[in-house]
Amino acid sequence: MMQKKVLVVGTGLAGITSALRLSKLGYHVEMVEKTHQAGGRLNQLKKDGFTWDLGPSFFSMSYEFDEFFSFMEMAPPFEFVSLDPLYTVHFSGTRNRYTIYRDLDKLAHEFRQIEPDFKRNMERLLKSAGKFFHDTDELVIKKNYNNAVQWLLTLARVPWGHAPKLFRSVWTELGRHFTSEEVKQIFSLVAFFLGATPYDTPAIYTLLTYTEMVHDGYHNVRGGMYRIVEGLLGEMEKRGIRIHYDTEITGYTKEGGVLSSLTDQHGHHWKSDLYVINSDAAGFRHMVFDRHNYTEKKMDRMKWTLAPFTIYLGVKGKIEGLEHHNYFLGDNFEEYARKIFKNSISLEKPYYYVNVNSKFNPEMAPEGHENLFILCPVPDLRYKPDWSDREKLAGDIISDLSERSGFDIKKNLVTTTIYDPVDWGNQFNLYKGSGLGLAHDLDQIGYFRPKNTDEKFGNVYYTGASTIPGTGLPMTVISSRLTTQRIVHDHGPV
């Protein structure tokens with residue numbers, strides 16, 4: 001039998017792991033990548049002697065990588081490091097700072113003055129969230145769906161006791177367990193990891209609290225998160241998988257019911273037997289295939305995650321007031337969370353996250369320096385298309401961080417790089433700058449998420465954050481497994 005060729009468009013984590021899985025199964029795989037460097041949002045920035053992880057700075061569900069390595073029969077080419085403590089949270093006004101440990105006794109001590117029954121209440125939340133996680137993880141999340149009936153029948157097998165969580169928000173669920181506003185705000189931050197807020201994220205996602213506190217925790221990678229990409233690129237090289245960089249797909253040709261080629265910005269035709277799209281599953285249908293169900297009007301009505309506003313700083317000196325992972329919150333949490341999506345609140349006092357990777361990986365900054373990665377979730381380009389005020393927003397964040405960390409960052413700045421939502425959108429083809437793709441509302445999960453099989457072309461498949469099962473590094477690894485299963489089912493192993 002002649003070896004079938006697969007062209008993978010995009011080198012995000014889902015694209016790379018799909019390429020490797022298909023190569024292991026005997027397919028001949030090639031990849032095209034819009035930019036000069038592999039990784040998608042799991043990328044790296046180097047400048048003036050500093051190195052930053054561009055996007056993700058930690059992850060959970062490390063066992064999904066173990067599944068991938070087992071499938072590939074390969075040793076992990078990078079080293080996971082478990083985080084504990086997980087992160088710190090700073091509140092403005094009160095100057096209160098809380099360190100989040102996985103050990104519930106230590107954590108209860110942190111909250112002893114504001115939530116006296118913390119341990120008992122947290123154990124109750126974790127028991128409920130853990131039960132939901134284990135009742136749905138294999139049954140619902142890690143499956144392909146062919147039709148709505150199959151999706152509904154699968155949901156019917158989930159114990160009905162979980163049903164109320166579908167109709168409550170994360171914030172409401174936390175209010176059933178805790179009285180302290182600070183505690184509720186801290187443990188609702190998991191909703192922001194999904195690019196949403198705790199007021200519009202279903203309570204089922206408190207399962208993320210279970211994964212961070214009990215099930216697997218959070219992990220970093222020794223040497224920086226980009227080591228994941230570098231390690232997998234080494235494996236691709238061994239397998240002869242070639243990546244063509246600076247190649248953006250802009251068009252296509254078809255013959256009958258199949259895609260015959262994809263066309264790049266130079267007019268070159270890329271022919272293959274099968275195509276796996278790791279560009280955004282909704283965005284590609286909109287921008288390249290020009291599908292009726294993915295017009296700009298319909299795309300704008302979909303629910304998208306918040307956009308990233310990121311700042312990469314190189315700073316002289318060691319900052320004692322910052323840990324490895326830090327969250328900085330204001331004093332108007334509910335108003336801010338409810339209004340930030342549609343740009344109906346001032347960004348003068350933004351909420352943001354700070355990662356100081358040089359505290360864990362000193363080689364990522366020159367000796368006696370720190371590298372700071374700051375992420376501020378902001379409205380996407382539907383609601384805030386003009387980012388001419390980016391320098392002011394960055395300056396406000398730096399000033400606020402200087403005051404709250406007790407270190408004059410501006411005075412000790414060596415280098416600054418800013419990525420606003422326009423930059424993120426242009427570089428990674430993110431629709432209207434949405435950082436994590438489609439949101440996880442009930443009408444945008446499972447069967448209702450953009451399919452990983454194309455609706456018109458029988459030889460086109462999708463993998464990544466905006467198809468099933470969803471966003472996040474482990475989810476994209478699962479996505480590559482589900483996409484590969486589709487291809488093997490339809491075309492068989494080679």
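In a DSSP loop and with at most 13 other Cβ atoms within 10 Å, the trypsin sites (Lys or Arg not before Pro) in region 311-374 are LYS342. With contacts taken as Cα pairs under 8 Å and at least 6 residues apart, the chain reaches a relative contact order of 23 percent. Between HIS134 and VAL488, the modelled labels are 2.7 nm apart [label points 7 Å from Cα along Cα→Cβ]. Positive end of the dipole of region 385-493 (Cβ unit charges, origin at the Cα centre): among HIS440, PRO474, TRP424, the Cα lying farthest that way belongs to PRO474.
Proximity of backbone amide H atoms, modeled 1.01 Å from N, is registered between VAL276 and LEU7, VAL8, VAL9, TYR461 at under 5 Å, excluding neighbours fewer than 5 places apart on the same chain. Extending 7 Å from the Cα toward the beta-carbon at both SER399 and ILE418 defines two label points whose distance is 1.3 nm. Restriction of the GluC sites (Glu not before Pro) in region 59-107 to DSSP coil positions whose beta-carbon has at most 14 other beta-carbons within 10 angstrom yields GLU73, GLU79. Using alpha carbons only, the radius of gyration of region 383-444 set against its Kirkwood radius gives Rg/Rh = 1.11. Both the radius of gyration and Dmax for the chain are 22.3, 70 Å, in that order, over alpha-carbon atoms.
Axis angle, to the nearest 10 degrees, between helix 473-491 and the longest C-alpha principal axis of the chain: 20 degrees.
With Cα atoms as the point set, the radius of gyration and Dmax of region 108-212 evaluate to 15.0, 52 Å. Positive end of the dipole of region 108-212 (Cβ unit charges, origin at the Cα centre): among ASN146, THR172, ALA196, the Cα lying farthest that way belongs to ASN146. In straight-distance terms, cross-link reach from LYS456 covers every one of the lysines whose alpha-carbon lies under 30 Å from its own, apart from those fewer than eight places away in the same chain; here that gives LYS4, LYS5, LYS24, LYS34, LYS142, LYS143, LYS254, LYS271, LYS297, LYS298, LYS303, LYS432. Using only Cα coordinates, the Kirkwood hydrodynamic radius of region 297-424 works out to 15.5 Å. Note on region 201-277: percent of Cα-Cα distances in each 10 Å bin, starting at 0 and stopping at the bin with the largest distance, equals 14, 23, 23, 23, 16, 0. Computed from point charges on the beta carbon alone (+1 for Lys and Arg, -1 for Asp and Glu), the dipole magnitude for the chain about its Cα centre is near 960 Debye. Choose one of ILE409, LEU329, GLY458: the residue whose Cα lies farthest towards the positive end of the charge dipole of the chain (beta-carbon charges +1 Lys, Arg; -1 Asp, Glu; about the Cα centre). The one lying farthest along the dipole's positive direction is GLY458. A DSSP coil position with no more than 15 other Cβ atoms inside 10 Å describes the following GluC sites (Glu not before Pro) in region 359-447: GLU367.
If you take every residue apart from VAL32 with its C-beta less than 11 Å away from the C-beta of VAL32, what net charge results, scoring Lys and Arg +1 and Asp and Glu -1?
So the surrounding residues net to -3.
We did not get these values from a lab; they are worked out from the coordinates using the rules stated. Small disclaimer: the values here were computed from a predicted structure and weren't measured. Please note: Cβ atoms are built from the backbone with ideal geometry, for glycine as well, and neighbour counts cover all protein chains shown.
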